[in-house]
Amino acid sequence: MSPIRSASIAALASAVLATTLTGCQFGEEQQDTNPIVIAADLELSGAAAPVGKVYQRALELKVEQLNASGALGGRKIELKVKDNRSDAAESLRNINDFSTDSHVTAIIMGGCNECAVGSVRTINEKRIPAIALAPSAAITDPVAQRRYMFKLAPNAADSAGALTTELRRRSIHKVAVLHGADSYGQEGLAALSREFDKAKIRLLGAEAVRTTDTDVSTQVDELVGKKPDGLIVWAPPEQATLAAAGARQAGFSGSLFFDASAAGDLFLGPAAGSTEKATLIFTQTMVIDDVIATTPAKAARRQWFQDYTARFGGYNGSSSFAADAVQLIADAELRSGGPAGQVNRDGLRDVLETSQLDGLSGPIRMTPDNHSGLMPQALTTLVARGGRWRLAG
């Protein structure tokens, strides 16, 4: 296992130094050495396993880094992971198990929208803070009924706004949309339709695909047959790759656009030919090696990119959301107070609700009225060039 770079340790230590000092004044009672137990409900098998395994690797690396940094005082983070098999019922069983474990401080949930939405009631009844890495707005809306639920992922309205801005910039007025059949896919289609109406962009047609589909050619052929100038793919990476290949095979010569949910590996591999010049709306961390590190936050993102790549041999854009979830929980735990050795879930929830972090994914701001913390400014425009994603421009 490769060592953690000293620069990374210094950056991590400074990131939480202020919160650490608040509870460790000179002369106070003996330092708390009880572990911070974070549970993770992830898709490690089933249809969503590829991204679930990305989250697991990211969580393990981030926990290792924080534990090595010394920024947690005498405490260490312990990670408890359960596989939900990409199934909402199994996920709910995991959530029940975690919530009844008195040692668990908070839960991180993976990218399964149905899993997170289906767990809302239990999480609130059990009063255990949870951060979901899935994008559906129903995870955190309405906030009054989801006081213990938070999420870290690009919001549909923000992605739709950024995509529409790019369409207008390139004078594309006729588009078609291939979207996921799940709640986030439907949400995306609605958000795009609202933006298109304002921008006077004509939606020629829309087709849905399921996350388990291994053939999307029928839907793609239907959309390409309408002769759009732009084809928007609002679906997970596997379906987005299939759609790109299908569009090129169908003779589509227009512009290809991906929503943030389609982001996956930095290097496109076999998909490079069909995705060349495609546009992706995502966070800057995916291409941070293209960016000059002019701020501490950008330097931390570059370090994360390098550490993840060195450990796993490549980079996946979704990893930063998992790492930021760990950081948010660790910071909130240090700030929430409470008797040493006792889990203070309510205190941690209260701190999470007002958290601010210049995270690895971008600026994150939680408020009592908004539990979806990733700011619109975190999103940028990327382009596929030479077999990998690059910063547009």
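The set of residues in the range 90-129 being touching a helix residue (DSSP H, G or I) at 6+ places or on another chain (Cβ under 9 Å) and among the acidic types (D, E) consists of E90, E114, E125.
Against the condition out of contact with any helix residue (DSSP H, G or I) (no Cβ under 9 Å at 6 or more places or on another chain) and modelled with pLDDT of 95 or more, how does D87 come out, does it pass?
Details: out of contact with any helix residue (DSSP H, G or I) (no Cβ under 9 Å at 6 or more places or on another chain): no; modelled with pLDDT of 95 or more: yes.
Criteria not met by D87.
Of the residues that make up the range 374-393, is at least one at positive phi, surrounded by 21 or more Cβ atoms within 10 Å (Cβ to Cβ) and of a type outside the set (F, W, Y)? There is no residue in the range 374-393 that is at positive phi, surrounded by 21 or more Cβ atoms within 10 Å (Cβ to Cβ) and of a type outside the set (F, W, Y).
Condition check for T309 on (1) open to solvent by 20 Å² or more (accessible area, probe 1.4 Å); (2) among the hydroxyl-bearing types (S, T, Y); (3) in contact (Cβ under 8 Å) with a residue 60 or more places away in the chain: one failure, at (3). Which of the residues that make up the range 338-365 are in contact with a helix residue (DSSP H, G or I) (Cβ under 6 Å, 6 or more places away or on another chain) and either modelled with pLDDT under 95 or open to solvent by 40 Å² or more (accessible area, probe 1.4 Å) (or both)? Scanning the range 338-365 gives G338, N344, D358. Residues of the range 49-74 that are of a type in the set (D, E) and touching a residue at least 40 places away in the same chain (Cβ under 8 Å): E64 alone.
Selection over the range 290-324 of residues that are within 18 Å of the chain's Cα centre (by Cα) and hydrophobic (A, V, I, L, M, F, W, C) gives a count of 7.
Considered as a group, the residues in the range 69-104 that are among the basic types (K, R), open to solvent by 50 Å² or more (accessible area, probe 1.4 Å) and part of a loop (DSSP other than H, G, I, E, B) include one that is nearest to A39 (Cα to Cα), and that residue is K76. One residue stands out among those in the range 105-147 that are of a type in the set (K, R) and in a loop (DSSP other than H, G, I, E, B): the one that is most open to solvent (accessible area, probe 1.4 Å), which is R127.
Give, as residue ranges, the helices (runs of 4 or more DSSP H) completely inside the range 171-275 that count at least 2 residues that are more than 21 Å from the chain's Cα centre (by Cα) and within 24 Å of R390 (Cα to Cα).
Values: elements: 183-199, 217-224, 237-249, 272-275.
Output list reads 237-249, 272-275.
Run down A199, A190, A162, A245 and say which single residue is farther than 30 Å from R365 by Cβ and open to solvent by 10 Å² or more (accessible area, probe 1.4 Å). That would be A245, the only listed residue that is farther than 30 Å from R365 by Cβ and open to solvent by 10 Å² or more (accessible area, probe 1.4 Å). Among the residues of the range 202-242, those identified as open to solvent by 10 Å² or more (accessible area, probe 1.4 Å) and among the hydrophobic types (A, V, I, L, M, F, W, C) are L203, L204, A206, A208, V224, L242.
The values are calculated or read from the model by the stated rules, or taken from the named source; none is laboratory data. Since this is a predicted model, take the numbers as computed values, not measurements. Don't worry about glycine lacking a Cβ; one is built from the backbone with ideal geometry, like all the others, and counts go over all protein chains shown. All accessible areas refer to the heavy atoms of the entire protein, side chains included, with ligands and DNA or RNA removed. Shrake-Rupley method; radii C 1.70, N 1.55, O 1.52, S 1.80 Å.
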